[in-house]
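Beneath this line is the structure, given in structure tokens, with notes to follow.
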Amino acid sequence: MGIVNVTPDSFSDGGRHASTRAALAHCERLVAEGADILDIGGESTRPGAAALAAEEELARVLPVLEGALSLGVPVSVDTSDVRVMEQALALGVDIVNDVRALRRPGALACVASHASAGVCLMHMRGEPDTMQAMTAYGDVVAEVGAWLRQRAAEVLAAGIGASRLLLDPGIGFAKGPEDNLRLLRGQRALVAALPRPLLVGWSRKGTLGLVTGRPVAERLAASVAAALAAVHHGAAVVRVHDVAATVDALKVWQAAQADSEHGSGWQ
């Protein structure tokens, strides 16, 4: 899943793709690099981010969504706003990726009314401007898993078919660095405990900066390593900024897996 931030204030690339022309050029580049899904968002959800008016979010994302739908890959809208969901789904968007897991009034009914739309439900406590004060866990893997199972059950009960769901542990959302690393180390157990596949987003995040000492612009290697680790531990989808590097790394990893399973042929 290739990330397209149509925002002036995202933590890693704010402003680079804020215009429709730049965002669409980025969409085309990510598809050429091997993205299987485009994830387009107009509201930053970085720690401390303020809420955005629906009108502004719509103005940012609708022209980009419309153009991206012609590129031949599924398109996801990264939003929690019901008006944005409604208009994006009316355009033909394939997936709603909601960091608030359809908990805003009307969101669940909106997605349920579109019989084929996929949805990604993410774990987060609080809101982006409060979440980093809500990072106390006893067992973060068990607690995130229980929350995702419960929310998935609620969404299924509302009439959204199981085949439409992805689940996201929310790396960096209401979690401290050690919580994030525990989720990665315990991801196999998390995958086994969940009813649906896992989407994971580690790309350029602060925990990688703490581990490596690198600023956000220098976290390519760390992001690729985290994506590989997530796939190795069972993630079905990885959400990344750097598609080409991640695709290449996954090709090598998959080739190595094939050799380990079937033998390399060398005598």
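The values are calculated or read from the model by the stated rules, or taken from the named source; none is laboratory data. Since this is a predicted model, take the numbers as computed values, not measurements. So basically every Cβ, Gly included, is an ideal-geometry build from the backbone, and we count neighbours across all protein chains shown. What goes into the accessible areas is simple: the full protein's heavy atoms, side chains included, and nothing from ligands, DNA or RNA. Shrake-Rupley method; radii C 1.70, N 1.55, O 1.52, S 1.80 Å.
Below are the figures for this structure:
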{"item": "Selected residue (only one of 236, 230, 255, 244 is out of contact with any Ser or Thr (no Cβ under 8 Å at 6 or more places or on another chain), in contact (Cβ under 8 Å) with a residue 40 or more places away in the chain and surrounded by fewer than 15 Cβ atoms within 10 Å (Cβ to Cβ))", "result": "236"}
{"item": "Test: residue in region 208-225 that is among the acidic types (Asp, Glu) and either touching a Pro at 6+ places or on another chain (Cβ under 9 Å) or within 22 Å of residue 128 (Cβ to Cβ) (or both)", "result": "no"}
{"item": "Qualifying residue in region 194-204 (condition: of a type in the set (S, T, N, Q) and either farther than 20 Å from residue 37 by Cβ or touching an Asp or Glu at 6+ places or on another chain (Cβ under 6 Å) (or both))", "result": "no"}
{"item": "Residue list for region 1-35, filter: out of contact with any Ser or Thr (no Cβ under 8 Å at 6 or more places or on another chain), closer than 20 Å to residue 201 by Cβ, open to solvent by 30 Å² or more (accessible area, probe 1.4 Å) and modelled with pLDDT under 90", "result": "16"}
{"item": "Selected residue (criterion: least open to solvent (accessible area, probe 1.4 Å)) from residues of region 36-85 that are among the β-branched types (Val, Ile, Thr) and assigned to a loop (DSSP other than H, G, I, E, B)", "result": "79"}
{"item": "Condition broken by residue 222, with the remaining ones in (1) under 19 Å from residue 143 (Cβ atoms); (2) assigned to a helix (DSSP H, G or I) satisfied", "result": "(1)"}
{"item": "Of all residues making up region 147-160, the number that are of a type outside the set (S, T, N, Q) and surrounded by fewer than 14 Cβ atoms within 10 Å (Cβ to Cβ)", "result": "4"}
{"item": "Members of region 197-220 that are surrounded by 21 or more Cβ atoms within 10 Å (Cβ to Cβ) and charged (D, E, K, R)", "result": "204, 205, 219"}
{"item": "Test result for residue 181, under 20 Å from residue 238 (Cβ atoms) and touching a strand residue (DSSP E or B) at 6+ places or on another chain (Cβ under 9 Å)", "result": "no"}
{"item": "Failed condition for residue 214, given (1) without any contact (Cβ under 8 Å) to a residue 24 or more places away in the chain; (2) part of a helix (DSSP H, G or I)", "result": "(2)"}
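Residues checked against (1) out of contact with any strand residue (DSSP E or B) (no Cβ under 9 Å at 6 or more places or on another chain); (2) not assigned by the TED database to the domain that holds residue 151:
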site: 95; (1), (2): no, yes
site: 98; (1), (2): no, yes
site: 101; (1), (2): no, yes
site: 104; (1), (2): no, yes
site: 109; (1), (2): yes, yes
site: 115; (1), (2): yes, yes
site: 130; (1), (2): yes, no
site: 133; (1), (2): yes, no
site: 136; (1), (2): yes, no
